[in-house]
Amino acid sequence: SRALPALARRGAAGTRERRARADARAQAEVRGVPANGGEVVLEQWDLPLYMAIAKSEAHASIDSRRVAGYFPLEKCLNGLALLCDRLFGVTATLTDAPASEAWAGGGVVKKLWLSHPTQGPLGTVY
């Protein structure tokens, strides 16, 4: 009986994937992707592009600036730091990047410095 919910989830995921592929195929048809025998041929590498296009058109009425208000940058970066620590044992230190490390255009640039207790410094994400 435990397998049934797992199968139901897997079935729902398969349905979503089939629907996403159909949406991608429709986007490809609209954009004139070459067809083979009347059917649009999508290669594996085409799918992410056309799926993204289909999703963006399906959610065109959503104002991304309003949604972004629910995800302040500082809190998202702190959440990323927590995930790095819990999943990989990597310490992520968040600071403001000094002006010498920022690019033209101004604004505050955040710097996430990553290090591991045994492997040492891993890198920096701006």
- Near Lys55, which aspartates and glutamates are there with a Cα under 19 Å away, not counting those fewer than 8 places off in the same chain? Glu17, Asp23, Glu29, Glu43, Asp46, Asp63
- Task: Using the charge dipole of segment 55-126 (Lys, Arg: +1 at Cβ; Asp, Glu: -1 at Cβ; taken about the Cα centre), state which of Cys84, Tyr70, Val109 has its Cα farthest towards the positive end.
- Result: Tyr70
- Cross-link reach from Lys75 to aspartates and glutamates, straight Cα distance under 19 Å and at least 8 residues apart if same chain, gives Asp85, Asp96
- Query: Which distance in nm do the two modelled labels at Val109 and Thr93 give, with both placed 7 Å along the Cα-to-Cβ direction?
  - Reply: 1.9 nm
- For Glu17 and Glu74, extending 7 Å from Cα along the Cα-Cβ vector and measuring point to point gives, in nm, a value of 4.1 nm
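No lab work stands behind these numbers, since they all come straight from the coordinates. Please read all numbers here as calculations on a predicted model, not as lab measurements. Every residue, glycine among them, receives a Cβ derived from its backbone with ideal geometry; neighbour counts consider all protein chains shown.
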